[in-house]
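S.K.: Here it is, the structure, as structure tokens.
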Amino acid sequence: MQGAEDKSDLDELTSLRPTGSGRAAVQAERLWLRDFHPGWFGAVMGTAVIGIIASMNPGKFASWANTMRYISVGATVLAAALFVVIAIPYLSRWLIHSGAAWKDMRDPVAGPLHGTFPGAILVLAAAVANVGPREISVGATSDIVAGLAVVGVPLALAISLLFAYLLFTLDLPDVRLVNGGWFIPPVVTIIVPVVLLTLLGDVAHLTARLLLFAAYAFWGIGFLLFLLVMGLLHDRLVTQALPPAEMAPSLWIVLGPVGVGTSALIGLGHATPEILGPSAAVMGIVSLLGASILWGFGAWWLLVALMLLGRYIRRGGVPYGIGWWAFTFPLGALTLATVALGRAWSLAALADISLAMFVLLVLLWLIVTVRTLDSLAKGTLWVRTLPASPPKT
């Protein structure tokens, strides 16, 4: 019966937006720029986070140091190249097909995916901050990170405000359209503190205090939005049938704000005493405890997400789509948090878990990459399973 309900949900949701096949697929390929998917930058985020984790050498095995270094540099360079390749059609679409781009922005499914644009910029900045000092000069690294932050931080705030405004002012066609993609704007604002913390040592003391204040403020924005969206998604999952298989990867995005929020909280705890002095040393302990609590929920949700994915696979599988990249960055964010917590607590068990999660992340990245390249070769990559349509006004 559940399978029939899922199919019914898919039929109703897709009735809001026609799917492409046959002649429509050919037309979609011709109009690939107009229909360029706003979630493509998820590939940049999922690739860059591998570079960040590898630069930290999860597991701390000396024999793996060189291998991890090569992976970190390769993933960061690849992420930067992907960003350039994806940014050209993405920005061109806003110039040439602005109507279609705004139509996506007003859509409850496609709209939040625009947040992956500043998200990619900020994750790339974090990757450069981690990898750069060993490969290029410290000064060049700081300049690149600062430049990316100047662009990424305002965009992250703007998109989170814009998407929230649209949700508040447009009627939602169906409560079942509440989905994990809504976590993207919150997670992007939580990435901001991670980037700002890397700049504290390169600025004057008063500027560092301002950046630290801004980092705490952005963490608060993202985390409170995460709680609000989590409540909506929880109610949607409990009171309605599960999302159709095409939207299954979005459930993994929950791991993004949890993982990044944990890492950011640990970083804020370490930075606060250095900027505010010994009187703020207690913040390190409070932050560590808060980060551990948040990580616990993330680990629990990872198990839930794996169980639900198994259910989808048993009931017909998850059709490939750009949304598959949601399997990468969120898991990477939680892996990064596990690495940081393992070192903060000096727990070898967490180090082993983080290494296992990293291996799983790389395997998932390879699978998604192969499926993406295969879809590109077949010419089906530009066909949307759930094309965007504006909510009712």
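The values are calculated or read from the model by the stated rules, or taken from the named source; none is laboratory data. Just so it is clear, the model here is predicted, and its values are computed rather than measured. Using ideal geometry, Cβ is built from the backbone for each residue, glycine included, and neighbour counts are taken over all protein chains shown.
S.K.: Would you mind telling me which numbered condition in (1) within 21 Å of Pro38 (Cα to Cα); (2) surrounded by fewer than 24 Cβ atoms within 10 Å (Cβ to Cβ) Ser137 fails?
M.R.: Here Ser137 clears every test but (1).
S.K.: Which condition number in (1) surrounded by fewer than 20 Cβ atoms within 10 Å (Cβ to Cβ); (2) within 29 Å of Ser263 (Cβ to Cβ) is the one that Ile191 fails?
M.R.: Evaluating Ile191 over (1) surrounded by fewer than 20 Cβ atoms within 10 Å (Cβ to Cβ); (2) within 29 Å of Ser263 (Cβ to Cβ) leaves (1) as the failure.
S.K.: Going through the range 259-274 one residue at a time, which ones are surrounded by fewer than 18 Cβ atoms within 10 Å (Cβ to Cβ) and either in contact with a strand residue (DSSP E or B) (Cβ under 9 Å, 6 or more places away or on another chain) or in contact (Cβ under 8 Å) with a residue 24 or more places away in the chain (or both)?
M.R.: Listed by number, the list holds a single entry, Glu274.
S.K.: Can you name every residue in the range 314-341 that is modelled with pLDDT under 95 and either in a helix (DSSP H, G or I) or among the polar types (S, T, N, Q) (or both)?
M.R.: Ile322, Gly323 - these are the residues of the range 314-341 that are modelled with pLDDT under 95 and either in a helix (DSSP H, G or I) or among the polar types (S, T, N, Q) (or both).
S.K.: When the range 303-356 is examined, which residues are found to be polar (S, T, N, Q), under 20 Å from the mean Cα position of the chain (by Cα) and under 22 Å from Leu289 (Cα atoms)?
M.R.: If the condition is that a residue be polar (S, T, N, Q), under 20 Å from the mean Cα position of the chain (by Cα) and under 22 Å from Leu289 (Cα atoms), then Thr335, Thr338, Ser354 are the ones that fit.
S.K.: Within the group Val254, Val258, Val304, which residue is within 28 Å of Leu366 (Cα to Cα) and touching a Pro at 6+ places or on another chain (Cβ under 8 Å)?
M.R.: Within the list Val254, Val258, Val304, the selection yields Val254.
S.K.: Which of the numbered conditions does Arg93 fail, given that it passes all the others? Conditions: (1) outside any helix (DSSP H, G or I); (2) modelled with pLDDT of 90 or more; (3) more than 20 Å from the chain's Cα centre (by Cα).
M.R.: (1)
S.K.: If Ser279 meets every condition in (1) more than 30 Å from Arg315 (Cα to Cα); (2) small (Gly, Ala, Ser); (3) modelled with pLDDT of 90 or more apart from one, which number is that one?
M.R.: (3)
S.K.: Name the residue that is farthest from Val145 (Cα to Cα), counting only residues in the range 100-127 that are small (Gly, Ala, Ser) and buried (at least 24 other Cβ atoms within 10 Å of the Cβ).
M.R.: The residue in question is Gly111.
S.K.: Give me the pairs, please: first residue somewhere in the range 276-298 and β-branched (Val, Ile, Thr), second residue anywhere and part of a helix (DSSP H, G or I), beta-carbon distance under 8 Å, and either six or more positions apart or on two chains.
M.R.: Final answer for the pair search is Ile285/Gly269; Val286/Gly269.
S.K.: Could you tell me which of the residues Ser354, Ser375, Ser287, Ser292 is modelled with pLDDT under 95, part of a helix (DSSP H, G or I) and farther than 24 Å from Pro112 by Cα?
M.R.: Selected residue: Ser287, the only one of Ser354, Ser375, Ser287, Ser292 that is modelled with pLDDT under 95, part of a helix (DSSP H, G or I) and farther than 24 Å from Pro112 by Cα.
S.K.: Any residue that is without any contact (Cβ under 8 Å) to a residue 24 or more places away in the chain and either over 22 Å from Trp182 (Cβ atoms) or within 18 Å of the chain's Cα centre (by Cα) (or both) - is there at least one of those in the range 122-129?
M.R.: Scanning the range 122-129, I find no residue that is without any contact (Cβ under 8 Å) to a residue 24 or more places away in the chain and either over 22 Å from Trp182 (Cβ atoms) or within 18 Å of the chain's Cα centre (by Cα) (or both), so the answer is no.
S.K.: From Leu167, Leu157, Leu206, grab the single residue that is over 22 Å from Leu251 (Cα atoms), among the aliphatic types (A, V, I, L, M), part of a helix (DSSP H, G or I) and in contact (Cβ under 8 Å) with a residue 24 or more places away in the chain.
M.R.: Exactly one residue qualifies, and that residue is Leu157.
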